[in-house]
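In what follows, a structure is listed as structure tokens, so that the remarks can point back to it.
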Amino acid sequence: MSSQPNSYTDSNSHYAGASTPQQGGLQPDSLRQDASRQGELQGAGNQANGQRHSGEDPARQSLLNVRTEVGKAVVGQDPTVTGMLIALLCGGHVLLEGVPGVAKTLLVRALSTALSLDTKRVQFTPDLMPGDVTGSLVYDSHTSEFTFREGPVFTNIMLADEINRTPPKTQASLLEAMEERQVSVDGVSRPLPSPFIVAATQNPVEYEGTYPLPEAQLDRFLLKLTMPLPGRAEEIEVIRRHASGFDPRNLSAAGVRPVAGAVELSQAQAAVAQVAVAPEILAYIVDVVRATRSAPSFQLGVSPRGATALLNTSKAWAWLSGRSFVTPDDVKALSLPCLRHRVGLRPEAQMDGIQVDDVLGSILASVPVPR
């Protein structure tokens with residue numbers, strides 16, 4: 001797996017993944033803020049269409065305000081926050097990869113607070129059982145009946161911490177919840193709350209005693225976002241906040257407040273569904289996906305589910321950018337976070353030190369872009 005940080009390129013820029021793959025994906029500047037770093041997203045096509053910025057759409061502005069609120073608790077992870085918002089807009093799940101201590105848990109908590117959504121955290125361990133995640137039947141001695149006790153999966157944002165540290169049996173307990181948004185226990189299907197997404201974390205540098213997720217489960221994640229270590233200036237800001245009394249366990253004291261909710265999120269999802277996609281863009285998405293299946297360095301290419309995921313995330317990115325249509329740059333911007341976990345390198349490519357993001361960057365540079 002690539003250890004390069006994800007970033008979303010600005011919709012106005014040209015992709016440079018083939019020569020500098022570390023720049024492919026989501027850049028913080030894509031959601032450029034104003035002089036006070038509290039501004040709104042700049043998207044390609046706004047001036048071309050005579051559209052005003054995101055202030056025209058209350059739902060969009062509410063979601064952009066979420067980034068500001070999360071920034072009160074988390075420093076330097078704007079691309080990951082944007083990826084989480086895209087996942088919520090698409091109703092998809094996110095795999096977060098980063099070393100311990102880069103604020104993965106804090107980011108999810110701050111995001112759920114800003115969105116007025118419920119969140120629950122589960123520490124995945126080797127002895128965790130499926131019922132500890134989904135819930136189980138419990139005997140009630142007063143009624144002499146079995147009643148269902150909900151597990152932590154019954155929430156809006158479930159943080160599956162170190163998901164690769166639990167055996168496949170427990171990992172698989174999430175498959176139905178992720179795909180069908182329901183849990184079946186004792187033959188009874190119970191729907192999960194809406195919205196519902198899984199934010200699963202992995203440590204990219206420690207694999208001893210872990211159980212790698214199978215391809216079938218990786219394919220259920222809409223995006224794989226890597227959380228890099230902060231830069232020097234950002235790390236100084238982190239230390240400054242802690243020196244001033246910042247307590248990551250008390251988000252209200254940090255000033256994080258709800259600025260959106262399930263209603264705004266539902267309105268935004270409906271708006272994303274109306275984003276137009278030209279036939280040429282659909283063909284471009286298919287060409288990119290098919291190219292992964294014939295790439296010499298890959299033994300596993302992207303499935304049609306991956307093509308659908310790339311389409312949906314591109315629509316969400318276009319809407320966040322203030323446009324009602326998808327451009328090729330939207331597809332390029334989401335290709336790395338959307339596809340990097342759906343492909344598999346050949347052993348000889350791994351021995352040569354080839355990275356997944358490098359190959360995807362070469363594919364994006366070689367597939368003809370519609371004009």
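State the Kirkwood hydrodynamic radius of the stretch 302-365 in Å, one decimal place, computed from all pairs of distinct Cα atoms.
Values: mean 1/r = 0.0788 Å⁻¹.
About 12.7 Å, per the Kirkwood formula over Cα pairs.
P(r) for the stretch 200-253, please, calculated from all Cα pair distances in 5 Å bins and given in %.
The percentages, shortest bin first, are 4, 13, 14, 16, 16, 12, 13, 10, 2, 0.
Ranked highest first by the average count of other Cβ atoms within 10 Å around their residues, in what order do 70-82, 355-367, 227-239, 140-152 fall? Intermediate values should be presented prior to the final figure.
Working: 70-82: 23.9, 355-367: 21.4, 227-239: 13.6, 140-152: 11.3.
The packing order, highest mean first, is 70-82, 355-367, 227-239, 140-152.
Determine which aspartates and glutamates satisfy two conditions relative to Lys169: a Cα distance under 20 Å, and not lying fewer than 8 residues away in the same chain.
Asp127, Asp132, Glu150, Asp161, Glu179, Glu180, Asp186, Glu208, Glu215, Asp219
May I ask you to give the solvent-accessible area per residue for the stretch 259-371, in square angstrom, as obtained with a 1.4 angstrom probe? List each step's numbers first, then the result.
Values: 4600 Å² over 113 residues.
So the stretch 259-371 comes to 41 Å² accessible per residue, rounded to a whole number.
Taking a ≥ b ≥ c as the square roots of the Cα gyration tensor eigenvalues, with a/c under 1.5 meaning rounded and otherwise prolate when a/b beats b/c, else oblate, which class fits the stretch 178-280? List each step's numbers first, then the result.
Values: a/c = 1.63, a/b = 1.33, b/c = 1.23.
It comes out prolate by the Cα gyration axes.
So what J values fall out for the stretch 310-321 if you push phi through Karplus, 6.51 cos²θ - 1.76 cosθ + 1.60 with θ = phi - 60°, rounded to Hz, Gly and Pro as x?
Karplus values, whole Hz, x for Gly and Pro: 5, 5, 5, 5, 5, 5, 5, 5, 4, 5, 4, 7.
List every residue whose amide H lies under 5 Å from the amide H of Asp219, counting only residues 5 or more places away in sequence or on a different chain, with H placed 1.01 Å from N in the peptide plane.
Sorted by chain and number, the residues that satisfy this come to none at all.
List the aspartates and glutamates whose Cα sits under 12 Å from the Cα of Lys72, skipping any in the same chain fewer than 8 residues away.
Glu237, Asp247
Checking the cross-link filter: which lysines have an alpha carbon closer than 21 Å to that of Lys224, excluding same-chain neighbours under 8 positions apart?
In chain and number order, the partners are Lys104, Lys120, Lys315, Lys332.
Have a look at the stretch 328-371 and give its Rg and Dmax from the Cα atoms, expressed in angstrom.
Spelled out, the Cα radius of gyration and Dmax of the stretch 328-371 are 11.7, 38 Å.
Any idea what % of Cα-Cα pairs in the stretch 213-342 are farther than 18 Å?
Details: 5590 of 8385 pairs.
The answer is 67 percent, as a whole percent.
Amide H of Phe148 versus every other amide H placed in the peptide plane: which residues, excluding those fewer than 5 positions away on the same chain, fall under 5 Å?
For Phe148, whose amide H was placed from the backbone, the distant partners under 5 Å are Val138.
So what is log10(I(q)/I(0)) for the stretch 256-299 at q = 0.17, 0.24, 0.27, 0.29 1/Å, when the Debye sum runs over its Cα atoms only?
-0.69, -0.84, -0.93, -0.97
What three numbers, in Å, describe the spread of the alpha carbons of the stretch 84-125 along their principal axes, ordered from the longest?
Result for the stretch 84-125: principal-axis Cα extents of 27, 20, 18 Å.
The values are calculated or read from the model by the stated rules, or taken from the named source; none is laboratory data. Predicted, not measured: the structure shown is a model, and the values here were computed from it. Ideal geometry is used to build each Cβ from the backbone, glycine not excepted, and the neighbour counts take in all protein chains shown. Side chains are part of the model used for accessible areas, which takes the heavy atoms of the whole protein and leaves out ligands, DNA and RNA. Shrake-Rupley method; radii C 1.70, N 1.55, O 1.52, S 1.80 Å.
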